[in-house]
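This report refers to the structure that appears directly beneath it.
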Amino acid sequence: MDTLLHPSTSSMAKRPCPSSAENPMLPSSFSQMDNLLLSFLSLSDSSPPVSLDLSFDRLLESAPSDADQSLLIDRAHNLGSLLLRAANRSARKRASLHNSIAWALPPDLTIKVFSMLDSQSLCYAAATCSMFNKCAMDPLCYANIDLTTVVPKVNNAVVSTMIQRAGKSFRSLKLGIVPGPTSSPGSCQPLVYSIRNSVDVSSFSWNDKKTRQGKESSILTRSCLYPLSGDNGAAGTLLRRLHLYNIERMDNASFCVALAACPSLLDLEIVGLHVELRQTLISVSSNCHLIERLFFESSKTGRDDSLKSPTCVDLVNNCPNISSLSLRGFKLQDYKVRILVKGFRKLKYADFSTSYSISGTFLRNLGSGFGGNLLEVLILRDCMHLKEVEVARFLTAVLAGDFKFLRYLDISNREGLASEGDWYQRSYNSSIIPLKQVLEVRPNICLLAEFPSEGCYIDIDHMFDSDVNSEISLPSQLSSHTSDGSLLMSSSESSYNSDQGSGNEEYQVSGFVIYEESSDEVDFLVV
């Protein structure tokens, strides 16, 4: 003990260490330090601790000065720290060796399992042991990055690090704040979320999250997607799926730059971003020609009326593979919606929930020609201006044989449906809507029609067929389904027509449908 703390020549002479020659059980490669450490660690555990204290006191008393005593104490602290660090490191090595022997899966299958984890669980696994850490650093584990959280925990640096780890395996990125575990992207429940109004993070302070004293902020900024366009857009070129939720500091310019770097994007989901619908669709139309699924929920329900019909036409012509379209919470007129639904020949999923201006006239003759006849899911929940007469006409067309592939329809409205003459007059119990007849003729359709209690409430249990319910997946799953099946044209002659205008009159001229938006803006769409 004296030698370890005060290795002088005289002390070495007085307390010789056992050598390998004296102890043939020791390896010949042992150095003098190895032998000294072995002697120290060979002290009996049954020895009273007071003997160690007395030995150390004697060393201190033998020191000629106070400075020498302080030096001995510091050396004791350092030596103890070094021994503890070495013991911990050796324990980790032994645990990793044990794990590598006991772990049933080879490294390639372990990496495959880790690639199925969300990013937070992957980080937890990487911190378990060095073997898991090595497997978790494989680029395949970061092919599908999910950094969504309930409260802000992720900053720009984390996003950049994850994308760099993914390398050429990068395929998917989910980023932002999701309201809670009960909300799922693609469901009818709104995903728009403001942290300032959240009770779950009532103690959160935006000022507390500002960068200070070199600490990284936990807030994503508008430059969080810069890694997609950096390095000549190498990461963005690989990206197939991009989901962004409630990133309050994102703006139009930064988002459009990110989309410009993603020419291979197939699935785009945007919720609660302060970006304009028209600018976003222009960017998608210009850069993401392969896109198949587009989900956009407005952060300002009913106030974004920026969309113009030329933008709709460009989107239809430049992105013909869209099979799932969701535009929720925007101020959309029927003729613009008709351009989209009629124009996308592969469209199977359409969700225009909480769209302020939709009355339902876009549904007229939709199932009897190209475009719209492949619809499997149609969601018009809480559309304020949706008219009961248009819903009735649509369901009459379904009874007549149109919309042969339709299997999910949601016309629920917390304010009731609008009457034909005055939308302020709400209908809660409409006798002209053939709900029961549709369920009898088309039992494979899941029909949702929930209305306020002050009117009537249609029992949803009677609208689900037990066999059909097992076949119908959630809207979020249906929205991701794509197909290249051939188009079918309904031969039914009972498709409804109406002479009543909706404010968006349509005309037939030489094989073109002309949509009149204003006196100086006329658009054409080939049919």
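The values are calculated or read from the model by the stated rules, or taken from the named source; none is laboratory data. Small disclaimer: the values here were computed from a predicted structure and weren't measured. FYI the Cβ positions are ideal-geometry reconstructions off the backbone, even for glycines, and counts take in every protein chain you see. Note: areas computed on protein heavy atoms with side chains; ligands, DNA, RNA excluded. Shrake-Rupley method; radii C 1.70, N 1.55, O 1.52, S 1.80 Å.
Worth a mention:
- Evaluated with a Cβ-only charge set (Lys, Arg +1; Asp, Glu -1), segment 75-140 carries a dipole of roughly 500 debye about its Cα centre, given to the nearest 20.
- Solvent-accessible area assigned to carbon and sulfur over segment 265-420 amounts to 47 percent, based on a 1.4 Å probe.
- Under-5 Å amide H pairs with CYS446, H placed in peptide plane, nonlocal only: TYR408, LEU409
- Accessible surface of segment 75-140, 1.4 Å probe, proportion on carbon and sulfur as whole %: 64
- Surface calculation, 1.4 Å probe, protein heavy atoms: GLU450 sits at approximately 60 Å² accessible.
- Cα→Cβ-extended label distance, 7 Å offset, between SER130 and SER286, nm: 5.2
- Packing order of peptides 357-366, 144-153, highest average first: 357-366, 144-153 (average count of other Cβ atoms within 10 Å over each peptide's residues).
- Solvent-accessible area per residue in segment 75-140 equals 70 Å², computed with a 1.4 angstrom probe and all protein chains kept.
- Summary of packing: across the peptides 388-395, 309-316, 438-445, the per-residue average of other C-beta atoms within 10 Å ranks them, highest first, as 388-395, 309-316, 438-445.
- Span per principal axis, largest first, for the Cα atoms of segment 75-140 (Å): 49, 25, 15
- For segment 274-359: accessible area per residue (Å², 1.4 Å): 28
- Signed unit charges on C-beta, dipole axis of segment 75-140, positive-most listed residue ILE101, ALA91, PHE132: ALA91
- Take every pair of alpha-carbon atoms less than 8 Å apart whose residues are at least six positions apart; their mean separation over the length of segment 75-140 yields a relative contact order of 32 percent.
- Full-extension gain in nm, GLU450 to LEU79, via 0.36 nm per residue minus C-alpha separation: 126.2 nm
- Here the peptides 373-383, 222-232 are ranked by packing, the mean other Cβ count within 10 Å, and the order with the highest first is 373-383, 222-232.
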